[in-house]
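To start, the structure itself, in structure tokens.
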Amino acid sequence: MTLRPLFRTLLPILLSFTAGMARAETADIERRLDALMAQMTLEEKVGQLNILSGETLATGPVTFKGDHATEIRAGRIGAMLNVVGVNSTRQYQALARQSRLKIPLLFGQDVIHGYATTFPIPLAEAASWDLPAIERSARVAATEAASAGIHWTFAPMVDIARDPRWGRVMEGAGEDPYLGSRIAAARVRGFQGRGLGELDAVMACVKHFAAYGAAVGGRDYNSVDMSERQLFETYLPPFKAAAEAGAATFMNSFNDLNGVPATGNRHLQRDILKGQWGFTGFVVSDWGSMGEMVTHGYVKDDKAAAEASILAGSDMDMESQVYGKHLAELVKEGRVPMATLDDAVRRVLRKKFELGLFDDADRFADAARERSTVGRPEFRQAAREMAAKSIVLLKSDGRTLPLSPRLKTIAFIGPMVKPARGNRGGWSVSVPGHDADRETVSQWQGLAERAKANGTRLLYAKGADMMGSDRSGFAEAVRVARQADVVVVSVGESWDWSAEAKSRSDIGLPGVQEDLVKALHATGKPLVVLLSAGRPMVFDWIADHVPNVAYTWWLGSEAGHAIADVLYGDHNPSARLPISFPRSVGQIPVYYNHFNTGRPATDGKQEEFKSGYIDSPNAPRFAFGHGLSYTSFAYAGLRLSTTRLGARDTLTVSLDVRNTGERAGDEVVQLYLRDRVASVVRPVKELKDFQRVHLAPGEVRTVSFQVDRDKLSFFNDKLQWVAEPGEFDLMVGAASDDIRLSARFELLE
Ligand code: NOJ
């Protein structure tokens, strides 16, 4: 027998053996869980459902005035957040060992885009459309965080966002349910690695359930009102994908949905998440969101908030303290069934068992592992690659970029150039023993290293602050620009202008930065503008006048290196926008997968009685999926395996993509579909698949997609997931507004 047939014979035995082991382990956990539950008092059970922030760091309004140590020893705290590093987690865990049942604490943390090694903000990573790279980023974050005693990250945020005024747009994957779903699953896989219990895995927490991203007016914490179909079609898919990828926990959200706060929303949590989707993990509330139901006007007091929350399926109370104060009493009064409480407690304890904390509460918190893990060089390298993959080349004149190594002088101008902090963005973790600013490669540092290696002189002027109206630095900036062969201007939003509670009503470049760009443009020098921000900004003048524009978001610890890699062409840009960039705030919300309406307007035409603006085109400034490369690609030879698809058939779509330029590069080939006639109207285009192909100059590759029934299905007016017979348009392109090939096929009865 050669090895391969032997392996084939042994594989099923091996698999059934490991499946058997997994079953045995699960049965063992359930037995231990039963035994523990039998010993617990009502108060101890409630304690497991209480998560409080540590004393030194807060990511929300702190209301707890008591003594953490006393509460932990009394078994009234089951989990903590904002306790960072092995030393601190060990100290708190030691207190838990002094409680009657010695139930270990869980430590959760907002590890949103890296731990000590900061990766690009999630929206920037989404722009890479590179699922393995995104998974790797989450893997690195989990490995670092787990080595520091953290068990649980409050990520990924999978809220679909069509409104860039909303500051939290930076934490998600943009506007598209398909891309968002693929990225959600990749992030969950990355965080949870080979599974809970592994020393490099943390529990994912999928948030914010649900529809938080649709807050009216883009104002954080605001209300959401939407049809059930819209909810299922656009906002829920990434949550479902994350649940299917095995996410251990979910977080609910601050908003009310159609008048019912998400935290008290039985339909969302019990019917959909734990019911239809069979989610077996636990749901944590958002910070204070149980208590806030009183302010919403949904319940009359904290006790009613606790009752509504637990009955609706919120298992753990973050920082409202309404469970700690009222849940035991509610159970005694019979208003909350013991079985409901037990179910929530079991969900939480099960995860502690799965993590192995009952065998060794400090198994993650190992100082030597923390030292040898956090900030490893290969993590920095991964952060650099991820950052380069996230930069979107929006415009290029085909001459200035990539920068020639033979340039004599470059002027690097702008308020984003020197400060390191600006590149890390919101939600960066302060890790004890690490000076994150010093460990971040500023844009100046990155470009200076590279320019020096080429013998290029790099000149600097700040030009202006990010905020304010001071133009006194313009003259110096112009003087410096005049001495250079190429001017690179780096402008943007301050790092604390996008994230939680950072909504903006005007998403233009703050301060006088646009005027600075105008002044530099007037020098006539070849100009490149870098825009760093945590959201799509409006920068119409720049988009109209500057020939080279790259969106650099907030790129993390390796920002400077990554920017230099892209500017010099060591990395050929291949990122694509995961969200539409509006021309003006007045266009918001603007998204590619809209309905046609009965009176669609033709952009560029002034037509009466059409669904357009009289003062603006409908099309966004830069469309979903847009992004350029230093090379070019041609699409040809679209082939469909059939144009008449049987109900159970799969359609194979193939095409040839050729690199027609002179550099190797990646193309992200995007497949869109449109259901032409359906029982409920369908979007003009929906992303259904994409593929990244790497092509050497002149190389041609065949790209194939499979279109099955699922890709043709949608929620009908009864919320059934159906594919209706009829005609479909199939479009393949380089962006949602750059369709290169199209065809039509029919789905038969
Ligand atoms: C509130 C935020 O909405 C949530 O995303 C975060 O995880 C918690 N605070 C904890 O910091």
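The values are calculated or read from the model by the stated rules, or taken from the named source; none is laboratory data. It should be emphasised that the depicted structure is a prediction, and the values quoted were computed from it without experimental measurement. Don't worry about glycine lacking a Cβ; one is built from the backbone with ideal geometry, like all the others, and counts go over all protein chains shown. The area values use the complete protein model at the heavy-atom level, side chains included, leaving out ligands, DNA and RNA. Shrake-Rupley method; radii C 1.70, N 1.55, O 1.52, S 1.80 Å.
Quick notes on this structure:
- No other residue among ASP110, ASP159 is open to solvent by less than 10 Å² (accessible area, probe 1.4 Å) and within 16 Å of the ligand (Cβ to nearest atom) apart from ASP159.
- A single member of ALA241, ALA247 is assigned to a loop (DSSP other than H, G, I, E, B), crowded, with 21+ Cβ neighbours inside 10 Å and in contact (Cβ under 8 Å) with a residue 24 or more places away in the chain, and it is ALA247.
- The condition (being at pLDDT below 95 and open to solvent by less than 10 Å² (accessible area, probe 1.4 Å)) is satisfied by just one residue among GLY85, GLY66: GLY85.
- Within the stretch 473-508, considering residues that are in a strand (DSSP E or B) and not hydroxyl-bearing (Ser, Thr, Tyr), the one nearest to the chain's Cα centre (by Cα): GLY492
- Of the residues making up the stretch 243-264, those that are farther than 17 Å from LYS351 by Cα, in contact with a strand residue (DSSP E or B) (Cβ under 6 Å, 6 or more places away or on another chain) and away from the ligand (no atom under 12 Å from the Cβ) number 1.
- If you go through the stretch 206-219 and keep only what is part of a loop (DSSP other than H, G, I, E, B) and open to solvent by 20 Å² or more (accessible area, probe 1.4 Å), you end up with just ARG219.
- Meets criteria (in a loop (DSSP other than H, G, I, E, B), of a type in the set (D, E, K, R), within 17 Å of LEU49 (Cβ to Cβ) and touching a helix residue (DSSP H, G or I) at 6+ places or on another chain (Cβ under 8 Å)) for ASP342: no
- Count - residues of the stretch 419-434 that are farther than 18 Å from GLU171 by Cα and open to solvent by less than 70 Å² (accessible area, probe 1.4 Å): 4
- Only one of the numbered conditions (1) open to solvent by less than 20 Å² (accessible area, probe 1.4 Å); (2) of a type in the set (Gly, Ala, Ser); (3) touching a helix residue (DSSP H, G or I) at 6+ places or on another chain (Cβ under 9 Å); (4) part of a loop (DSSP other than H, G, I, E, B) is not met by SER616, and that is (1).
- Per-region count, the stretch 511-547, residues outside any loop (DSSP other than H, G, I, E, B) and without any contact (Cβ under 8 Å) to a residue 40 or more places away in the chain: 8
- Scan of the stretch 300-330 for residues that are of a type in the set (A, V, I, L, M) and buried (at least 21 other Cβ atoms within 10 Å of the Cβ), ordered by number: ALA305, ALA306, ALA308, ILE310, ALA312, MET316, MET318, VAL322, LEU327, LEU330
- Test result for VAL336, within 25 Å of the chain's Cα centre (by Cα) and either in contact (Cβ under 8 Å) with a residue 12 or more places away in the chain or surrounded by fewer than 22 Cβ atoms within 10 Å (Cβ to Cβ) (or both): no
- Among the residues of the stretch 162-197, those that are away from the ligand (no atom under 16 Å from the Cβ) and hydrophobic (A, V, I, L, M, F, W, C) comprise LEU179, ILE183, ALA185, ALA186, LEU196.
- Qualifying residue in the stretch 601-618 (condition: of a type in the set (Lys, Arg), closer than 28 Å to HIS521 by Cβ and not assigned by TED's automatic domain parsing to the domain that holds GLN691): no
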